[in-house]
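Chemist: Right, I'll just put the structure down here and ask away after.
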Amino acid sequence: MDDFEANERILELRDTINFHLYRYHVLDAPVISDAEYDELYRELLALEERYPDLVTAASPTQRAGAEPLPGFEKVTHPAPILSLANAFDVAGLRAWRTRIGRLLPDPDMHLDYVAEPKLDGLTVVLTYRDGVFVQGATRGNGEVGEDVTQNLRTLFSLPKRLPVDPNCDLPAPPYLVVRGEIFFPLDKFEALNHARADAGLPLYMNPRNTAAGSLRQLDSTQTAQRPLRLYCYDVIIWDGIEIPVTQWERLQMLRDYGFPVSPDSVYCTNLDAVAAEYEKWIEKRNQINYEVDGVVVKINDRPLADGLGFVGKDPRGAVAMKFPAQEKTTKLLDVQVNVGRTGILAPAAVLEPVEIGGVIVRNATLHNYDEIERKDIRIGDTVIVKRAGDVIPYIVGPVVDLRDGSELVVQRPSHCPVCGEPASYISGEVAVYCENPACPEQLVRRVEYFVGRSAMDIDGFGSKTAALLVAEGLIKDIGDIYSLRRDDLLALEGHQEKKVDNLLAGLEASKLQPADRVLTALGIRFVGNVMSETLLNAVGGIDQLAAAGQETLEQIEGIGPQTAVSVIEWFARPRNREIIEKLRVADLNFDIEFTESEGGTAAALNGLTFVITGTLPSLSRQEAKALIEANGGKVTGSVSKHTDYLLAGEKAGSKLGKAQSLGVEVLDEAGLHKLIYNG
């Protein structure tokens, strides 16, 4: 056998083996015996050993994993990987339908839906080029994730080449990005814990965290030993192939290509059918072999759903119906007072440990002292604990009939438990505050927030480091973070050269963060990631925001009086202006940056707000949105008096009529390109 013949046979064997792996692990319907499969595998293994230059990462012989990685590379997703808004019952579902009805051509128009299990696993983004799997990443923050390609290759259920079935007549996609979920089958998870118990090892707490930890192993041979599964449910980006316009057909297309898709997804002809399906799932959730925490409801007409736009970063065309939270009773041992970064003195329950939905709960939120009084919660009570959305534990209320008279009434704090300063109350608010700006606990919380992943994302700077630096007096406000000196850090306990160098490198790298991250990191009340982006897109930079008046801010779409006042008051404080100057000296980004695109000038669309409707000749809505934003514009989901242009294609809906009634200028795709070129 010469090299050419060997290569041809190896390619044939790989396709054949991958097909049988798909039949066995995805469809659970093998068409050959184990002995026949083993014979094919041994032949491929022998050929690859004889011709090592022909071995590729996509070969089924390479699923056992590769050499450990030093760390995960960052991956920028080709489109935002968004989360969903929640509904917690059928009433919430109907309220969602009413809200989106206001944006439809006819509020009462008939819609059909797809109800899919909301998998409780780890979201992954899978990229294929010319039908070959080339990259896999975690969701991360929705825009940037971690490259886990090497680990994903070890999964039997992940197709390495498309289509998997040689009899499928679908073309290999030139470019396809798919979203899915990695999870741990419950029977495999139970077996794993049994094996660990027999070996005297600590047990894993729940399947979701175990799946996430298994996929994020730097040593992919460890991932290969875990029976992880994959279900796919959405197409993010595509090129060179036709994509069905309905979600139900897209799921079938994914199946046809060879992707594993949950068999529990259901087509629903109307909202009543969705509600009935949700009620079935409340009972069914404990009868299937994977964990779910709700049902995802999607409008079946995808162009219509996508055209509804977003609320914040939640698409309007789908909603997650969360299951009723699971409840348990336990003892309330104590109520501690936590000091937040804004000075709020928040009550936190210390509980006798109790297992709820696979998680041991030791602490729970009590919201505020008004709520404690209203529910008459006392220290020593037997209380009902619920995990809201199966995530955040909170106390529903006490079991009064079990009181024996030893219970203690919870007292509102009169002083900050950390700095000892008197607590204060703001008229109209239920919160209790420590207003001492020098309170060390507040500062620790502010530093933690500043360096956290949603803000400046500084590697090597955790909560313990924040507490130590504040305690040692090296940080007196967040502006001091970039003034830390190597010698001072080396003098700290546990800070050797490598750790210090990593921290300083993380600080330096964070200076590249965009201005909206810097604004988020300042910790202004009501100004998170989305609000920071909205504000800076409107005014251009942090200095312009600091100089803006209340009237100017309230004219920005999505900004209310409360947020406007909070921003103005923050920048008015002398101490905060000092922080701004320290961050300016550190050379952080204060102005939003626009890139040049299509020959246009940078920020050609700066300050302009667009709405997109209809089908464009050559651009998908995602591509049009990306083009507008790359040139400094903003895309919103609904037409208003603040809209500058409506980008309209064929079959434009009610947005066209609304734009015309408001006098909003209407552009076609050619007009958009001309606007960019002309700056």
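The values are calculated or read from the model by the stated rules, or taken from the named source; none is laboratory data. Keep in mind that what you see is a predicted model, and the values were worked out from it rather than measured. Cβ: placed from backbone, ideal geometry, glycine included. Neighbour counts: every protein chain shown.
Chemist: Tell me which strands (runs of 3 or more DSSP E) are completely within the range 300-387 and hold 3 or more residues being free of Cβ contacts under 8 Å to residues at least 60 places away in the same chain and out of contact with any Ser or Thr (no Cβ under 7 Å at 6 or more places or on another chain), or say none if there are none.
Modeler: Details: elements: 318-322, 327-339, 345-356, 359-365.
Correct list: 327-339, 345-356, 359-365.
Chemist: Go through the range 216-261 and give me each residue that's assigned to a loop (DSSP other than H, G, I, E, B), crowded, with 19+ Cβ neighbours inside 10 Å and charged (D, E, K, R). Please lay out each step first, then the result.
Modeler: Kept after step one, since they are assigned to a loop (DSSP other than H, G, I, E, B), are these residues of the range 216-261: 216-219, 225-228, 240-245, 258-261.
If we keep only those that are crowded, with 19+ Cβ neighbours inside 10 Å as well, we get 217, 226, 228, 258-261.
Across the range 216-261, the qualifying residue is only Arg226.
Chemist: Could you go through the range 83-94 and let me know if any residue there is among the hydrophobic types (A, V, I, L, M, F, W, C), farther than 12 Å from Val296 by Cβ, part of a loop (DSSP other than H, G, I, E, B) and without any contact (Cβ under 8 Å) to a residue 40 or more places away in the chain.
Modeler: From the range 83-94, those among the hydrophobic types (A, V, I, L, M, F, W, C) are 84-85, 87-88, 90-91, 93; that's our starting set.
Okay, now just the ones that are also farther than 12 Å from Val296 by Cβ, so 88, 90-91.
From what is left, the residues that are part of a loop (DSSP other than H, G, I, E, B) are 88.
Then drop every residue that is not without any contact (Cβ under 8 Å) to a residue 40 or more places away in the chain, which leaves none.
No: zero hits.
Chemist: Which residue is modelled with the lowest pLDDT, if the candidates are limited to the range 408-438 and must be small (Gly, Ala, Ser) and surrounded by 12 or more Cβ atoms within 10 Å (Cβ to Cβ)?
Modeler: Initial filter on the range 408-438 (small (Gly, Ala, Ser)): 414, 420, 423-424, 427-428, 431, 438.
With surrounded by 12 or more Cβ atoms within 10 Å (Cβ to Cβ) added as a condition, the list becomes 423-424, 431.
On the way: Ala423: 90, Ser424: 88, Ala431: 79.
This residue is Ala431.
Chemist: Within the range 633-658, can you find the residues that are surrounded by fewer than 18 Cβ atoms within 10 Å (Cβ to Cβ), outside any loop (DSSP other than H, G, I, E, B) and basic (Lys, Arg)?
Modeler: none
Chemist: If you scan the range 477-502, which residues turn out to be under 15 Å from Ala586 (Cβ atoms) and of a type outside the set (Gly, Ala, Ser)? Can you show your working first?
Modeler: Applying the first criterion (under 15 Å from Ala586 (Cβ atoms)) to the range 477-502 yields 477-485.
Of everything in the range 477-502, those that are under 15 Å from Ala586 (Cβ atoms) and of a type outside the set (Gly, Ala, Ser) turn out to be Asp477, Ile478, Asp480, Ile481, Tyr482, Leu484, Arg485.
Chemist: A further question on this structure: Let me confirm something: among Asp488, Asp516, which residue is in contact (Cβ under 8 Å) with a residue 12 or more places away in the chain and surrounded by fewer than 17 Cβ atoms within 10 Å (Cβ to Cβ)?
Modeler: Result: Asp488 is the single residue among Asp488, Asp516 that is in contact (Cβ under 8 Å) with a residue 12 or more places away in the chain and surrounded by fewer than 17 Cβ atoms within 10 Å (Cβ to Cβ).
Chemist: Still on this model: Within the range 279-288, can one find any residue that is in a helix (DSSP H, G or I) and of a type in the set (Lys, Arg)? Working first, answer last.
Modeler: Taking the range 279-288 as the starting set, the residues that turn out to be in a helix (DSSP H, G or I) are 279-284.
Next cut, of a type in the set (Lys, Arg) only: 280, 284.
Scanning the range 279-288 turns up at least one residue that is in a helix (DSSP H, G or I) and of a type in the set (Lys, Arg).
Chemist: Without any contact (Cβ under 8 Å) to a residue 24 or more places away in the chain and assigned by TED's automatic domain parsing to the domain that holds Ser262 - does that describe any residue in the range 174-182?
Modeler: Keep residues of the range 174-182 that are without any contact (Cβ under 8 Å) to a residue 24 or more places away in the chain, which gives none.
Looking through the range 174-182, none of the residues is without any contact (Cβ under 8 Å) to a residue 24 or more places away in the chain and assigned by TED's automatic domain parsing to the domain that holds Ser262.
Chemist: Answer yes if at least one residue in the range 659-666 is in a loop (DSSP other than H, G, I, E, B), outside the structural domain of Val311 (by TED's automatic domain parsing), buried (at least 18 other Cβ atoms within 10 Å of the Cβ) and modelled with pLDDT of 85 or more, and no otherwise.
Modeler: So in the range 659-666, the residues in a loop (DSSP other than H, G, I, E, B) come out as 663-664.
Pick out the ones that are also outside the structural domain of Val311 (by TED's automatic domain parsing) and you get 663-664.
Going one step further and asking which of them are buried (at least 18 other Cβ atoms within 10 Å of the Cβ), we end up with 664.
Now narrow it down to the ones that are modelled with pLDDT of 85 or more: 664.
Yes - at least one qualifying residue is present in the range 659-666.
Chemist: Continuing with the same structure: Please indicate, with yes or no, whether at least one residue in the range 390-407 is within 30 Å of the chain's Cα centre (by Cα), within 29 Å of Met321 (Cβ to Cβ), modelled with pLDDT of 90 or more and surrounded by fewer than 17 Cβ atoms within 10 Å (Cβ to Cβ).
Modeler: No, the range 390-407 has no match at all.
Chemist: Still on this structure, please answer the following. Search the range 471-482 for residues that are crowded, with 20+ Cβ neighbours inside 10 Å and pair each with any residue that is of a type in the set (Lys, Arg) when their beta-carbon atoms are under 9 Å apart and the residues are at least 6 apart or on different chains.
Modeler: Cβ pairs passing all conditions: Ile478/Arg446; Ile478/Lys582; Gly479/Lys582; Ile481/Lys582.
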